[in-house]
Amino acid sequence: MITAFNSAYDQDEGPVSGMLHPPAVPPGLLAFSMLLQLGGAVIAAYVGPWFLAIYVAIALLAAAY
């Protein structure tokens, strides 16, 4: 999900991850990645508050990257 978010946010057009010409980013990829992250947060909340806090921290750090 973080990779999808990164791909949608960066809109890479040059060489990336060993691909000289990466495919175009689908229009709904950013929304899809955000929904996956939200779904993960809901599941993490069921596991417990500490797990949710760690999940949110990792998601924020990955998005900041």
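The values are calculated or read from the model by the stated rules, or taken from the named source; none is laboratory data. Values in this document were obtained by computation on a predicted structure and should not be read as measured data. Here the Cβ positions follow ideal geometry from the backbone for every residue, glycine too, while neighbour counts run over all protein chains shown. Each accessible area value is taken on the protein alone, full model and side chains, heavy atoms only, with ligands, DNA and RNA left out. Shrake-Rupley method; radii C 1.70, N 1.55, O 1.52, S 1.80 Å.
Numbers below:
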{"quantity": "Heavy-atom accessible area order for Val42, Val25, largest first, 1.4 Å probe", "calculated": "Val42, Val25"}
{"quantity": "Cα-projected label distance for Ala45 with Ala24, points at 7 Å along beta-carbon direction, nm", "calculated": "3.7 nm"}
